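Report on one structure; see the data block that follows.
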Amino acid sequence: MTPCADLRASRLLLLALAASLFVGCAARTPRPDDTPAPGPTTTEDVAEPADLGDPEGRFAEALQMMRTGQSVEAVAAFMALGKDFPEFSGPPTNLGILHAQADRLAPAIAALERATQANPDNKVAYNWLGVLHREGRQYDKARAAYEKALAADPDYAAARLNLGLLYEDHLRQPAEALVQYREYLRITDGKDLRVLPWIGEIEATMAAQTESVAPASAAPEEREVK
């Protein structure tokens, strides 16, 4: 990988991380028909509900562990939250991020996929899945994940930039990368100036290729003087 590509890959991961630490806890609002229909019970059938505590409070504590580098404790906390509240998307999302940061690729992907099952609009989880599939050289899966993140939020800057990098560095589709980079600049109001040289490189290469395939001017007709 070239130094420029290394820089871009580093930027990709940093954007994904910055967008991922504060994922919300609730994935969906329960529908009325989620409640089981009442049925006949006996005294033996009735059990005291388990006291699982306040999910938002537990989630906030787990996030604090994550922020302060208590990774082992945070993993355990998010795993417990995911077990107790499987309808929430935040715990498996952050669990996946922690696994990813520790280079545990398979459990990271599994956790992030659980997060998207709990919340099909979880753009952060999809973006991280894209990053991990790219690292695993599963480029088609990475593209699909970024596209799902953007379907949930077309102005999600991290996924927009990451998709552009994927198109340019791995899928070798510079025209598609150019579209994503321009959209990224629009979303960020042009504040990430490092993208401008990448756009310039693609535009220059495409212009040179256009010139090289342009039909040559007709050769002047030779005239013979007799």
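The values are calculated or read from the model by the stated rules, or taken from the named source; none is laboratory data. Worth saying up front: this structure is predicted, and the values here are computed from it rather than measured. With ideal geometry, Cβ positions are generated from the backbone for all residues, glycine too; neighbour counts draw on all protein chains shown.
Being modelled with pLDDT of 95 or more, within 10 Å of the chain's Cα centre (by Cα), farther than 21 Å from PHE59 by Cβ and in a helix (DSSP H, G or I) is the requirement here; does GLY130 meet it? Spelling it out, GLY130 is indeed modelled with pLDDT of 95 or more, within 10 Å of the chain's Cα centre (by Cα), farther than 21 Å from PHE59 by Cβ and in a helix (DSSP H, G or I). Checked against the criterion of being farther than 28 Å from GLU183 by Cα, surrounded by fewer than 18 Cβ atoms within 10 Å (Cβ to Cβ) and modelled with pLDDT of 95 or more, the candidates ALA151, ALA111, ALA106 yield just one match: ALA106. Residue pairs whose Cβ atoms lie under 9 Å apart, sitting 6 or more positions apart in sequence or on different chains, and linking a residue in the stretch 194-213 that is within 18 Å of ASN162 (Cβ to Cβ) to a partner that is not in a helix (DSSP H, G or I), are VAL195/THR188; LEU196/GLY190. Of the set (1) in contact with a helix residue (DSSP H, G or I) (Cβ under 8 Å, 6 or more places away or on another chain); (2) in a helix (DSSP H, G or I), all apply to PHE88 but (2). Please tell me if ALA111 is more than 23 Å from ARG58 (Cβ to Cβ) and either of a type in the set (Gly, Ala, Ser) or in contact with a Pro (Cβ under 9 Å, 6 or more places away or on another chain) (or both). For ALA111, the condition - more than 23 Å from ARG58 (Cβ to Cβ) and either of a type in the set (Gly, Ala, Ser) or in contact with a Pro (Cβ under 9 Å, 6 or more places away or on another chain) (or both) - is not met.
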